[in-house]
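This report concerns only the one structure given below.
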Amino acid sequence: VLCLRVPTDAAWAAEALADVDALLADHAHCELKAASNALSLIARHPDDLELAAALTEVAQEEVTHFQRVLALLSARGVPLGPPPVDEYAASLRRAAGSLPGRGGAGPLVDRLLVAALIEARSCERFKLLADAGGPADDPALAAFWRELFAAEARHFRTFVGLAEKAAGGNRRLVGVRLEALADLEAAIVSALPRRARRRATIHG
Ligand SMILES: [Fe+2]
Ligand SMILES: [Fe+2]
């Protein structure tokens with residue numbers, strides 16, 4: 001799916017669905033983080049108005065997703081709780097920061113491509129959840145996840161497109177960098193402790 005090097009293991013969806021409340025709380029935090037990451041990229045690159053406009057749209061959509069998951073939590077009487085430790089995203093950002101060979105692309109290109117990969121992994125996981133058919137106590141969730149699968153695929157493309165602009169239109173450079181970062185992502189997702197993998201997380 002979307003340049004990912006390793007698929008999520010086949011047992012993941014069933015494990016995640018075993019605790020839908022925890023899955024939804026984690027999901028809500030993922031949407032919140034996606035929105036705040038988009039907004040913080042705008043703040044770090046205030047001179048790029050085109051970037052600001054595109055990322056504002058992403059942030060807006062992520063906030064809407066967050067509101068919808070929040071409504072699901074409150075319908076189920078489940079508190080949001082504190083944000084879970086996001087070993088996956090933190091490791092990916094750290095690894096990208098120390099990956100040599102940017103070949104003239106600035107750090108913004110990496111930040112956008114890391115965001116693209118996080119979208120790609122969420123996209124893959126929402127599809128797995130949707131295909132699993134939704135939990136017995138709320139089968140309508142499957143349709144929600146299918147809709148999010150499509151949104152995350154779109155966000156993946158938005159971030160890759162923004163990375164290409166940030167690299168001055170050098171698509172080849174961005175393609176090579178995306179492949180290198182996708183290798184890192186695959187290594188990170190495969191190496192996450194089994195405990196973390198069993199947690200009902202959208203990525204990681
Ligand atoms: Fe989202
Ligand atoms: Fe997204």
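None of the figures in this text is laboratory data; all of them are computed from the coordinates on show. In this text the structure is predicted, and so the values were computed from the model without any measurement. Every residue, glycine as well, gets a Cβ built from its backbone with ideal geometry; the counts of neighbours run over all protein chains shown.
Given the structure, is R121 within 24 Å of A191 (Cβ to Cβ), away from ligand 2 (no atom under 14 Å from the Cβ), of a type in the set (K, R) and not in a loop (DSSP other than H, G, I, E, B)? Here the answer is no, as R121 does not meet what is asked.
Checking G106, G97 one by one, the residue that is touching a residue at least 60 places away in the same chain (Cβ under 8 Å) and of a type in the set (G, A, S) is G106 and no other.
A search for C-beta distances below 8 Å between a residue of the stretch 14-40 that is under 30 Å from V160 (Cα atoms) and within 15 Å of ligand 1 (Cβ to nearest atom) and any residue that is of a type in the set (K, R) and assigned to a helix (DSSP H, G or I), counting only pairs 6+ apart in sequence or on different chains, returns L24/R76. Every condition in (1) surrounded by fewer than 18 Cβ atoms within 10 Å (Cβ to Cβ); (2) more than 11 Å from ligand 1 (Cβ to nearest atom); (3) in a helix (DSSP H, G or I) is met by D47 except one, and the failing one is (3). Of F149, F156, all but one fail to be within 16 Å of ligand 2 (Cβ to nearest atom) and without any contact (Cβ under 8 Å) to a residue 40 or more places away in the chain; the exception is F149.
Okay, residues lined up against (1) more than 16 Å from ligand 1 (Cβ to nearest atom); (2) outside any helix (DSSP H, G or I); (3) aliphatic (A, V, I, L, M):
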{"site": "A90", "(1), (2), (3)": "yes, no, yes"}
{"site": "A95", "(1), (2), (3)": "yes, no, yes"}
{"site": "L108", "(1), (2), (3)": "yes, no, yes"}
{"site": "L113", "(1), (2), (3)": "yes, no, yes"}
{"site": "L117", "(1), (2), (3)": "no, no, yes"}
{"site": "L129", "(1), (2), (3)": "no, no, yes"}
{"site": "G134", "(1), (2), (3)": "yes, yes, no"}
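Restricting attention to the stretch 43-96, the residues being among the polar types (S, T, N, Q) and either more than 16 Å from ligand 2 (Cβ to nearest atom) or more than 14 Å from H27 (Cβ to Cβ) (or both) number 4. A single entry from F159, F149, F144 fulfils the requirement of being surrounded by 23 or more Cβ atoms within 10 Å (Cβ to Cβ) and of a type in the set (F, W, Y): F159.
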